[in-house]
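Trainee: First the structure, then my questions, so here it is.
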Amino acid sequence: IPERIILPEPPRPLELLDFSGETDPELALQRWLNNRRQQALDVTVCSYDMVLLKLSEASYLWYVNQHHFITDAASVFLVFKQVTALYLEAQATGTFSSEFTLPKFEAYVDFEKAYNDTPRYKKSAVFWREKLAQGVEPPQFFGRSAQQKIHKMQRVSVQLHPHSPQHQ
């Protein structure tokens, strides 16, 4: 069952970096990204790293690095949906409100508790207990088992423009 623990303060405040005064803000950003993305998260301190990056008065980027054990596709969607809604409202009204309502964690807990009492959940629990009792073969990729475990990865981002060949 999910459990909520509320900290008195976030383990790491949102950092704001301003590259707008640089001769080439895009180049300065790329250098910063190349360095920052190589840094492993210390999950004993904080399981995420978020930075708001200013390139100009009208151009900001939001750097988000989260450990996989605190996030999944649904949570990423919810966070990005909420942030997008705040910015769209600010764009429409011309002001950014610090007052907003987040979805309640208690609603999720109630959903999980109710689901745990359903026949569907009980059937799934029996299935997975039996499956796990049989043992699990290591996954194979391209016909081979993973040989080496590393945490460093290289991510390549491509910005798609409406008329670029990659977008079509």
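The values are calculated or read from the model by the stated rules, or taken from the named source; none is laboratory data. Small disclaimer: the values here were computed from a predicted structure and weren't measured. Virtual Cβ from ideal backbone geometry, glycine too; neighbours counted across all protein chains shown. Keep in mind that these areas ignore ligands, DNA and RNA; they rest on the heavy atoms of the full protein, side chains included. Shrake-Rupley method; radii C 1.70, N 1.55, O 1.52, S 1.80 Å.
Trainee: State the extension gain, in nm to one decimal, for the chain segment bounded by Phe111 and His161, taking 0.36 nm per residue of separation less the distance between their alpha-carbons.
Mentor: 14.0 nm
Trainee: Right, here's the next one. Could you tally up the Lys pairs in the chain with alpha carbons closer than 19 Å? Skip any pair fewer than 8 positions apart unless they're on separate chains.
Mentor: Details: Lys81/Lys104; Lys104/Lys113; Lys113/Lys122; Lys113/Lys123; Lys122/Lys131; Lys123/Lys131.
Count of close lysine pairs: 6.
Trainee: Pull up the DSSP beta bridges for the chain and report the antiparallel fraction as a percent, rounded to 5.
Mentor: Antiparallel: roughly 70 percent of the beta bridges in the chain.
Trainee: How much accessible area per residue does the chain have, counting only protein heavy atoms and a probe of 1.4 Å, in square angstrom?
Mentor: I get 87 Å² per residue for this part.
Trainee: Further question: If you line up the long axis of helix 25-36 against the longest principal axis of the chain, both from Cα atoms, how many degrees apart are they, to the nearest 10?
Mentor: The answer is roughly 30 degrees.
Trainee: Just the number, please: carbon plus sulfur as a percent of the accessible area of the chain, 1.4 Å probe, no ligands or DNA/RNA counted.
Mentor: 57
Trainee: Now, a different point. Using Stokes-Einstein with the Kirkwood hydrodynamic radius over Cα pairs, what translational diffusion coefficient do you get for the chain at 37 °C and a viscosity of 0.692 mPa s, in µm²/s rounded to a whole number?
Mentor: On the way: Rh = 20.8 Å.
In µm²/s, the coefficient is 158.
Trainee: Name the residue from Tyr87, Phe100, Gln38 whose Cα lies farthest towards the positive end of the charge dipole of the chain, charges +1 on Cβ of Lys and Arg and -1 on Cβ of Asp and Glu.
Mentor: Sorting the options by dipole projection puts first Gln38.
Trainee: Using the basic label-point model (7 angstrom from Cα toward the beta carbon), what is the Glu15 to Phe69 distance in nanometres?
Mentor: It works out to 2.3 nm between the two label points.
Trainee: Please list, by residue number, every one of the trypsin sites (Lys or Arg not before Pro) in segment 28-130 that is coil in DSSP and has at most 12 other beta-carbon atoms within 10 Å. Show your work: numbers first, answer last.
Mentor: Working: sites: Arg31, Arg36, Arg37, Lys54, Lys81, Lys104, Lys113, Arg120, Lys122, Lys123, Arg129; in loops: Arg37, Lys104.
Those satisfying the criteria are Lys104.
Trainee: Another question about this same structure. How tilted is helix 73-93 with respect to the longest principal axis of the chain? Cα atoms for both, answer in degrees (0 to 90, nearest 10).
Mentor: 30
Trainee: In nm, to one decimal, how far is the Tyr60 label point from the Tyr87 one, both placed 7 Å along Cα→Cβ?
Mentor: Roughly 0.8 nm, to one decimal.
Trainee: Out of segment 1-90, which GluC sites (Glu not before Pro) are coil in DSSP terms and have no more than 16 other C-beta atoms within 10 Å?
Mentor: Glu3, Glu22, Glu57
Trainee: Further question: In nm, give the distance between the simple-model label positions of Ile6 and Val76, each being 7 Å from the Cα along the Cα-to-Cβ direction.
Mentor: 2.9
Trainee: Would you compute, from DSSP H runs of 4+ residues alone, the mean residue ellipticity of the chain at 222 nm, taking -39500 (n - 2.57) per run and dividing by the full residue count, rounded to the nearest 500?
Mentor: On the way: 4 runs with 60 residues, N = 168.
Using -39500 (n - 2.57) per qualifying helix, the result is -11500 deg cm²/dmol.
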